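Worksheet for the structure shown next.
Laboratory data are not the source of any read-out in this text; all were calculated from the coordinates shown. These numbers come from a predicted model, not from an experiment. Here the Cβ positions follow ideal geometry from the backbone for every residue, glycine too, while neighbour counts run over all protein chains shown.
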Amino acid sequence: SEILIQAKNIKKYFPTSDRNKVVKAVDDISFDIYKGETLGVVGESGCGKSTTGRMVLKLLDCTEGTVLYKGKDIGKMKGKEMRSLRKEMQIIFQDPYASLDPRKTVFQILAEPFWIHHPEMSKEEIYREVEKLIECVGLRPEHILRYPHEFSGGQRQRVGIARAIALHPEFVVCDEPVSALDVSIQAQVINLMQDIKKEYQLTYLFISHDLRIIKHFCDRVMVMYLGNIVELGTKEAIYGNQRHPYTKALLSAVSSVKGHGSKNRIILQGDIPSPVNPPSGCPFHTRCSCCMDICREKKPDLKKMADGTLVACHLDME
Ligand code: SF4
Ligand code: MG
């Protein structure tokens, strides 16, 4: 299928107060996003998921590497091209409480993208667009003049979703969009996002630490650890034939929560190392029960398996 976005060897290093040290938030990763797919990004907190999403949107510049959108380097875009990129790419944030301005009504929040990008539209035209958006995300007409604090978390996230789709984007980064919501509300919001994806023919980069939501929602899955991609494949490959020791550990923790497969549970030893001074060799070697000598010295490249899955590990696997 058609490639919409290509990330090529992107890195994000942040300076620290110690001039000799940097935080390697994202450390040289490459991946493609296909038009129309939902690519899931999963990993523990601090693994670089959100930073990756923000670099793809150009909300953060890459320290090194390039992101191509429809074949064009977004790092070089300016002026008109940049403005149209801002329309075509959107983000839904984790925290609908923090991402909506409390002093603005829902109308003001949803009208703003039109004021910025379509100054030619009349107030009536914009009002009609906002009404349509409100209906599309399952809110009611009387909600238009209310403020964010008058809503529940789920309703607020509906407003956040409406804002993201207002200008009919092509691509949306969803950064833990339901993690701040009650579990009982999560499914409703996820279903809404799925309906909207179909209706607006969107492509999603879906960031979550929740493997069950990723499984439900995504076509392909990218597993990240300490700023690196450790495994990337179809949902079927990742959930049915996971190969990387880290992916196996993550998944075994989920299945034992559900009360089966607990005898196969792989306990992750120790904490995630700091991204300042990450371990030499394989980033996972300090916690891996399969660690070999080579793992401490040499960082494994992503290797392609027969089914197309990419795995970064020195173990012999197929
Ligand atoms: Fe474990 Fe070595 Fe594979 Fe890293 S490369 S995941 S340490 S076996
Ligand atoms: Mg995050």
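Numbers below:
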quantity: Dimensionless Rg over Rh [the range 135-211; C-alpha; Kirkwood]; calculated: 0.95
quantity: Qualifying aspartates and glutamates (Cα of each under 15 Å from Cα of LYS197; at least 8 residues distant if same chain); calculated: GLU37, GLU88, GLU170, ASP219
quantity: Using θ = phi - 60° and Karplus 6.51 cos²θ - 1.76 cosθ + 1.60, couplings along the range 56-73 (whole Hz; Gly, Pro as x); calculated: 5, 8, 6, 7, 10, 7, 7, 5, 8, x, 9, 10, 9, 10, 6, x, 10, 6
quantity: The chain: relative contact order as a whole-number percent, Cα under 8 Å and 6+ apart; calculated: 20
quantity: Beta bridges by DSSP in the range 153-267, antiparallel share as percent, to the nearest 5; calculated: 55
quantity: For the range 92-246, projected area of the alpha-carbon convex hull averaged over all directions, nm²; calculated: 10.2
quantity: Long-range tail of P(r) for the range 26-130 (Cα pairs > 25 Å, %); calculated: 36
quantity: Sparse-neighbourhood loop sites, GluC sites (Glu not before Pro) in the range 79-124 - DSSP loop, at most 12 other Cβ within 10 angstrom; calculated: GLU120
quantity: For TYR225, distant residues with modelled amide H under 5 Å away; calculated: VAL230
quantity: Within-13-Å neighbourhood charge of VAL183 [Cβ basis; K, R +1; D, E -1]; calculated: -1
quantity: Estimated translational D of the chain in µm²/s (Stokes, Kirkwood radius over Cα pairs; 4 °C; 1.567 mPa s); calculated: 62
quantity: Charge context of ILE207, other residues only, Cβ under 12 angstrom, K/R +1, D/E -1; calculated: -1
quantity: FRET efficiency for SER152 and ALA187, using Cβ-Cβ distance with R0 set to 22 Å, rounded to 0.05; calculated: 0.90
quantity: Percent of beta bridges antiparallel (DSSP, the chain, rounded to nearest 5); calculated: 60
quantity: Unsatisfied cross-links (Cα-Cα over 22 Å) in the set LYS24/LYS215; LYS58/LYS87; LYS215/LYS248; calculated: LYS24/LYS215
quantity: Distance from the range 192-243 to the range 1-56 (C-alpha centre basis), Å; calculated: 15
quantity: Low-density loop cleavage sites - trypsin sites (Lys or Arg not before Pro) in the range 14-106, where at most 15 other Cβ are within 10 Å (DSSP); calculated: ARG19, LYS21, LYS35, LYS70, LYS78, ARG103, LYS104
